[in-house]
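Data first, discussion second: the structure below is written as structure tokens.
Read-outs throughout are calculated quantities, based only on the coordinates presented, and are distinct from any laboratory measurement. Source: prediction; values computed, not measured. Cβ atoms come from the backbone with ideal geometry, glycine included; neighbour counts cover every protein chain shown.
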Amino acid sequence: MITATLRQLVETATAHAQRCNDDHDHTVAAALLTSSGQTVLGLNAFHFLGGPCGEISALANHAATCADDPIVAVVAVYGPTGQVISPCGKCRQVLFDIDPAIQCIVHGSNGLEALSLSELLPCAYDWRAMELPQKVFMWEGYEPAIRDGSKRQTIRVDDPFRPGPAQLVFEKETGEVTTIDAKVTSVIATRRCDLTEEQAQRDGFASLTKLHKALDMHYPGLEMEDNVDVVTFELSSAAE
């Protein structure tokens, strides 16, 4: 179920799609809703060499008429049938690049629903993420040891990191998410069998045996000859 505002956006897009449909080059219309409540329309222009989708056309019209009014929702409608259709992959990425929070109206199993671009495009390429600290996800049970300084290392498998700014992220069973600002200081590749007692202690364990027990819990099936990364980190001064 969608809101009355989004329902009106669908009706506007549907009317535009059916009015402009020619069953050939112009069959899909799109409508954008802006933060101030304006509606911006677009129409596809098919060509065998490739032509803009309705959403791209609407984005161009938005840029020409109200570029400073952020887009909050979008819908595309197929003119010949009046059916709401989901944006193609290219349009999803373009809209995601503008704002991952934009709501796309799609036809789900229970009727029309509004999903964010983040939901429509999981694991999307996000240029914004290139400038953000890398996220190091940690088991919530390690938080006390990290905060008191007894754990300054983590062993990772198929989870690459690099020296530089980071955020330690604790996703808890309660649904709470806690983050701690930190810095990855080194990443050393080695074999599991070559881990040392010193590394086990830096990881917050009393012995190498206990570190291996934890690795078996986190990475079932990890062999002694398998490669691992020893990632050391330090907390930012504000987090300590």
- Tell me which residues, restricted to the range 128-180, are farther than 25 Å from Leu222 by Cα and part of a strand (DSSP E or B). Gly164, Pro165, Ala166, Gln167, Val177, Thr178, Thr179, Ile180
- Query: All but one of (1) touching a residue at least 40 places away in the same chain (Cβ under 8 Å); (2) closer than 16 Å to Pro87 by Cα hold for Met1; which doesn't?
  - Reply: (2)
- Query: If only one of Glu225, Glu171, Glu198 is acidic (Asp, Glu) and surrounded by 13 or more Cβ atoms within 10 Å (Cβ to Cβ), which one is it?
  - Reply: Glu171
- Item | Tally, over the range 94-115, of residues that are surrounded by 14 or more Cβ atoms within 10 Å (Cβ to Cβ) and either in contact with an Asp or Glu (Cβ under 9 Å, 6 or more places away or on another chain) or touching a residue at least 40 places away in the same chain (Cβ under 8 Å) (or both) | 12
- Task: Might you check whether a residue that is exposed (fewer than 13 other Cβ atoms within 10 Å of the Cβ), β-branched (Val, Ile, Thr) and not in a helix (DSSP H, G or I) occurs anywhere in the range 2-19?
- Result: yes
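Residues checked against (1) more than 27 Å from Asp181 (Cβ to Cβ); (2) in a helix (DSSP H, G or I):
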| position | (1), (2) |
| --- | --- |
| Glu198 | no, yes |
| Gln201 | no, yes |
| His212 | yes, yes |
| Gly221 | yes, no |
| Glu225 | yes, no |
| Thr232 | no, no |
| Ser237 | no, no |
- Query: If we scan the range 71-83, do we find a residue that is surrounded by fewer than 16 Cβ atoms within 10 Å (Cβ to Cβ), of a type in the set (A, V, I, L, M, F, W, C) and not in a helix (DSSP H, G or I)?
  - Reply: no
- What is the one condition in (1) in contact with a strand residue (DSSP E or B) (Cβ under 9 Å, 6 or more places away or on another chain); (2) more than 23 Å from Lys210 (Cα to Cα) that Thr174 does not satisfy? (1)
